[in-house]
1. Restricting attention to segment 72-84, does a residue exist that is part of a loop (DSSP other than H, G, I, E, B), under 27 Å from PHE198 (Cα atoms) and modelled with pLDDT of 95 or more?
2. Across segment 1-28, which residue is farthest from LYS129 (Cα to Cα) among those that are surrounded by 12 or more Cβ atoms within 10 Å (Cβ to Cβ) and at pLDDT below 95?
3. Which one of these is in contact with a Gly (Cβ under 8 Å, 6 or more places away or on another chain) and surrounded by fewer than 22 Cβ atoms within 10 Å (Cβ to Cβ): SER108, SER73?
4. So if I check each of ALA153, ALA102, which one is at pLDDT below 90 and out of contact with any helix residue (DSSP H, G or I) (no Cβ under 7 Å at 6 or more places or on another chain)?
5. If we scan segment 43-61, do we find a residue that is touching a Leu at 6+ places or on another chain (Cβ under 7 Å), within 19 Å of VAL123 (Cβ to Cβ), β-branched (Val, Ile, Thr) and crowded, with 16+ Cβ neighbours inside 10 Å?
6. Starting from residues that are free of Cβ contacts under 8 Å to residues at least 60 places away in the same chain, assigned to a helix (DSSP H, G or I) and among the small types (Gly, Ala, Ser), keep the ones in segment 85-110 and report whichever is nearest to MET12 (Cα to Cα).
7. Looking only at residues that are assigned to a strand (DSSP E or B) and closer than 17 Å to ALA88 by Cα in segment 116-144, which one is farthest from the chain's Cα centre (by Cα)?
8. Between a residue in segment 128-156 that is outside the structural domain of ARG27 (by TED's automatic domain parsing) and any residue that is modelled with pLDDT under 75 and acidic (Asp, Glu), which pairs come within a Cβ distance under 8 Å, given they are 6 or more apart or on different chains?
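The values are calculated or read from the model by the stated rules, or taken from the named source; none is laboratory data. Keep in mind that this is a model prediction, so the values were computed, not measured. Here the Cβ positions follow ideal geometry from the backbone for every residue, glycine too, while neighbour counts run over all protein chains shown.
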Amino acid sequence: MDPSRISLRPFMLSDVDDFLKWASDDRVTRYLRWSSINSREEALTYLEKVAIHHPWRRSICLDDHSIGYISISPESGDDRCRARLGYALAAEFWGQGIATIALKMAVSSVFKELSGLVRVHAVVEVENKGSQRVLEKAGFLKEGLLRKYGICAGKLFHRHPGRQQRSVLGTCEDGETKHSWESKIDPVKDLDPKFVLFRTLIPGI
């Protein structure tokens, strides 16, 4: 894939038809926090109310046609040094290196645009091997396993952690040790999926 054909830009209402093509695909939305969008009206509403007004959500474009998205959501207050990454790509373009290129573009841009941001992390289901490979190719590092991390579609999940961050500074909690505690009481029985955390740190300051 010629990288010059790939770009990131804010969503527009005129993206509705391209957006609906991939946002209605259950293969694409399987691991997302939102369900498949199945009508043009619903797609327009999502673009207008959610995508366009998100502080950093970009359309992944091939020849300026929307084929996916990347969102980077910074935390607030004392946690503003880090942000969470989410993304999806139309199934017909999987395995062509497009997501890797787009992620590298997004991370490079967001570290320049968001003052004080030093860490971007993504949380991925263990079974989603394709997404894990994409993150690793984009320079993210796998950090570990998040157990009983959250509930998606009524199921309790564990996740693997991974991140990118500014290599000189280290993590935004530099010098501080944080502990994670896990309850022995499991409110959801017979469910044991897992999630992986990845991170990237901004290079050299």
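1. no
2. Applying the filter and picking the extreme gives PRO3.
3. SER73
4. Exactly one of ALA153, ALA102 is at pLDDT below 90 and out of contact with any helix residue (DSSP H, G or I) (no Cβ under 7 Å at 6 or more places or on another chain), namely ALA153.
5. Within segment 43-61 (the criterion being touching a Leu at 6+ places or on another chain (Cβ under 7 Å), within 19 Å of VAL123 (Cβ to Cβ), β-branched (Val, Ile, Thr) and crowded, with 16+ Cβ neighbours inside 10 Å), the answer is no, since none of the residues qualifies.
6. Residue satisfying both the conditions and the ranking: ALA99.
7. GLU125
8. Within 8 Å, the pairs are ARG147/GLU182; LYS148/GLU182; LYS148/ASP186; LEU156/ASP186.
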